[in-house]
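Have a look at the structure below before the remarks.
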Amino acid sequence: MEKISPQEPARLEIESISVGYNGAPVLQDVTFQIPHGARVAVVGPNGAGKSTLFKALVGLLPLRSGQIFIHEMPLGHHLDCVAYVPQRSEVDWRFPVTVADVVMMGRYGQMRWLQTPGRADREVVRTSMLQMGITELANRSIRDLSGGQQQRVFLARALAQQPHIFLMDEPFTGVDSTTQEATLQLLDHLRQQNVTVLISTHDLTLAASRFDSILLLNKRLLAYGTPQEVLTPEYLRQAFGTHVLKLADGAVLVDDCCPPEDDHVHGSSREAE
Amino acid sequence: MNWLLEPLQYAFMVRGLLAAVLVGVLCAIMGTYVVIRGMAFLGDAMAHAILPGVAIAYLLHGNLLVGALVASVVIALGIGLFSRGGMVKEDTAIGILFAAALALGVALISSIQTYAVDLSHILFGNVLGVSTGDLWMTAGLGFCVLLVVAINFKQFMVISFDSVLAATLRLPAEFLRNLMLLLLAVTVVVSLQTVGVGLSVAMLVTPAAAAYLLTRRLLPMMLVSALIGACSSLIGLYLSFYLNIVSGSAIVLTATVIFLVVFLFNPLQGLLRRRS
């Protein structure tokens, strides 16, 4: 397994974690380090544990074993430095809040219990909405938003958290082109801010072109390194099994549009070569 | 104007009005959470579940409010205990406890001699029988509930809207949920005097539902809800005085009429507005 050599001390360290819901663990014995400000694509078939990894990183799922260190401190020490945008936000979209209210919730982590939003908070909310192109929606009720607008509101809220680590679960899946473009611009903005970014994606082209490194996951960590190092037919076959098709010109096609929920069969089909 | 002042000659009527308005405001504000979190069933169950507490307090000649308060806290914590960690689904836990408590309450009350009258007061309220002590207790409890809501306003909003963010921000979600259950329990107990066990869910849900249709943000929704709750109590009590009908019913029916008017004619999304 390749490792990128960190330019500076790793700011996110995952030490042999296993994570699961009620049954068997979804992630097993995963270890990696991500340096400060890196942009990492998390790639793997459905059910590989990409969302599970993110949920573990924000403390939504307990660790069965292993440890997570952020800035060399155990998880939970830095309350406000990880932001997470789930693939589909399971919130009630009829809730009586405006777009600006939702983005302001991103500031709550940095306010004391009784504190009300101050000028600095409102300024962060304003620039976050500007970055995601939703300024004109600020006073709209969230009941009236389209799917892409909802996604941008949640990205703006995560941005308003001013996180050191930004997790996005499949931000490019099933969104309109405006939102896709705004998300790509957000990536560049976060690069300038030196924010560490982890994105799970099915889009290998995007992963290869826009990211420093790729983390290939299928319940275990299969490979972690630069796109050239990771996106090899061997690794992809290990990850996606028989869903990988190597084309004549060296391109690799991954057929992963509607895989079964439980993906462990893929792991056993790697000897089919 | 005389008809407005006439009922106020009677001290019991003044106390009743004050109690009804206090309860109307309190229920309407907690009802905002009930509506946006979809806890109407819980609110209704809570109201019925305090019956054994009231019955025991009555049998022991204690304060009915105190008895109800103890019962509601026991029920709120019981629901939290049963549904903890997903062992039993929350609405199932509510159903079990609610029916059991109601059965126990009726069983206890049926052993009392003046069964019918007392039961009807408990079920439908007796706002005109509110004593000065009751009034102070209502005001005190109401103030405490509103204070806790004000202190936890941000946190309640986050746990109600987005549990993932609540977890990311490391909010003590379980504690906050239990706290909210407790506040709901206290509110239901206080509403016992005016509208009784049977109708308290209406005081929680109806003004807040009307306010939801009129507003787009949580705080304005609460304030509008409180206003509707207070008006329902005032108008309802006057109607009850002049038409000689049960006060609880008059209050609830007034709130329902306000809701219907809002539902049909409100400028944001009224049924009739949308079609025209």
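The values are calculated or read from the model by the stated rules, or taken from the named source; none is laboratory data. Every value quoted in this text rests on a predicted model; they were computed, and no experiment measured them. Quick reminder, even Gly has a Cβ in these numbers, built from the backbone with ideal geometry, and neighbours come from all protein chains shown.
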remark   = Note on segment A:97-110: residues touching a Pro at 6+ places or on another chain (Cβ under 8 Å) and within 26 Å of B:VAL34 (Cβ to Cβ) are A:MET104
request  = May I ask you to say which residue of B:SER247, B:SER225, B:SER240 is under 29 Å from B:LEU4 (Cα atoms), within 14 Å of chain A (Cβ to nearest Cβ) and buried (at least 17 other Cβ atoms within 10 Å of the Cβ)?
outcome  = B:SER225
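Within segment B:198-208, count every residue that is surrounded by fewer than 21 Cβ atoms within 10 Å (Cβ to Cβ) and either within 14 Å of chain A (Cβ to nearest Cβ) or at positive phi (or both). Write out each step before concluding.
At the first step, the residues of segment B:198-208 found to be surrounded by fewer than 21 Cβ atoms within 10 Å (Cβ to Cβ) are B:198.
Then drop every residue that is not either within 14 Å of chain A (Cβ to nearest Cβ) or at positive phi (or both), which leaves none.
Going through segment B:198-208 one residue at a time, the tally reaches 0.
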message = at the interface with another protein chain (Cβ under 9 Å from one of its Cβ atoms), at pLDDT below 90 and within 22 Å of A:THR178 (Cβ to Cβ): is that true of A:SER89 in this structure?
response = yes
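Taking the options A:LEU206, A:LEU215, name whichever one is surrounded by fewer than 23 Cβ atoms within 10 Å (Cβ to Cβ) and in contact with a strand residue (DSSP E or B) (Cβ under 9 Å, 6 or more places away or on another chain).
Numbers: A:LEU215 fails: surrounded by fewer than 23 Cβ atoms within 10 Å (Cβ to Cβ).
Exactly one residue qualifies, and that residue is A:LEU206.
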task = Enumerate the pairs (first residue in segment B:32-58 and on the phi < 0 side of the Ramachandran plot; second residue anywhere and in a helix (DSSP H, G or I) and among the acidic types (Asp, Glu)) with beta-carbon separation below 7 Å, excluding pairs fewer than 6 apart on the same chain, so at least 6 apart or on different chains.
result = B:PHE41/B:ASP91; B:TYR58/B:ASP118
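Of these, B:VAL35, B:VAL66, B:VAL14, B:VAL25, which one is away from chain A (no Cβ under 14 Å) and buried (at least 19 other Cβ atoms within 10 Å of the Cβ)? Full working, then the answer.
Details: B:VAL35 fails: away from chain A (no Cβ under 14 Å); B:VAL66 fails: buried (at least 19 other Cβ atoms within 10 Å of the Cβ); B:VAL14 fails: buried (at least 19 other Cβ atoms within 10 Å of the Cβ).
Checking each option against the conditions leaves just B:VAL25.
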task = State the number of residues belonging to segment A:126-150 that are without any contact (Cβ under 8 Å) to a residue 40 or more places away in the chain and within 14 Å of chain B (Cβ to nearest Cβ).
result = 2
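Out of B:VAL14, B:VAL35, B:VAL70, which single residue is within 15 Å of the chain's Cα centre (by Cα), in a helix (DSSP H, G or I) and modelled with pLDDT of 85 or more?
Details: B:VAL14 fails: within 15 Å of the chain's Cα centre (by Cα); B:VAL70 fails: within 15 Å of the chain's Cα centre (by Cα).
Every option except B:VAL35 fails the conditions.
Please return the ranges of helices (runs of 4 or more DSSP H) entirely within segment B:185-276 where 2 or more residues are closer than 18 Å to B:ALA40 by Cβ and within 14 Å of the chain's Cα centre (by Cα). Outline the logic, then answer.
Values: elements: B:196-214, B:218-243, B:247-265, B:271-275.
Ranges flagged: B:196-214, B:218-243, B:247-265.
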ask   = In segment B:228-252, which residues are touching a residue at least 40 places away in the same chain (Cβ under 8 Å) and aliphatic (A, V, I, L, M)?
value = B:ILE228, B:ALA230, B:LEU234, B:LEU237, B:VAL246, B:ILE251, B:VAL252
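Name the residue that is surrounded by the fewest Cβ atoms within 10 Å (Cβ to Cβ), counting only residues in segment A:93-120 that are in a helix (DSSP H, G or I) and either touching a strand residue (DSSP E or B) at 6+ places or on another chain (Cβ under 7 Å) or more than 10 Å from every other protein chain (Cβ to nearest Cβ) (or both). Please lay out each step first, then the result.
Residues of segment A:93-120 in a helix (DSSP H, G or I): A:99-105, A:108-110, A:119-120.
After this cut, where a residue has to be either touching a strand residue (DSSP E or B) at 6+ places or on another chain (Cβ under 7 Å) or more than 10 Å from every other protein chain (Cβ to nearest Cβ) (or both) as well, the list is A:99, A:103, A:119-120.
Numbers: A:VAL99: 27, A:VAL103: 27, A:ARG119: 7, A:ALA120: 10.
Restricting to residues being in a helix (DSSP H, G or I) and either touching a strand residue (DSSP E or B) at 6+ places or on another chain (Cβ under 7 Å) or more than 10 Å from every other protein chain (Cβ to nearest Cβ) (or both), the top hit is A:ARG119.
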Which numbered condition A:ARG64 fails, given (1) part of a helix (DSSP H, G or I); (2) touching a residue at least 40 places away in the same chain (Cβ under 8 Å); (3) charged (D, E, K, R) = (1)
request  = Mind telling me which of the residues A:LEU57, A:LEU53, A:LEU61 ends up being at pLDDT 90 or above, surrounded by 18 or more Cβ atoms within 10 Å (Cβ to Cβ) and not hydroxyl-bearing (Ser, Thr, Tyr)?
outcome  = A:LEU53
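Grab the helices (runs of 4 or more DSSP H) fully contained in segment B:76-175, keeping just those with 3 or more residues being within 14 Å of chain A (Cβ to nearest Cβ) and surrounded by 15 or more Cβ atoms within 10 Å (Cβ to Cβ).
Those helices (runs of 4 or more DSSP H) span B:153-161, B:163-168.
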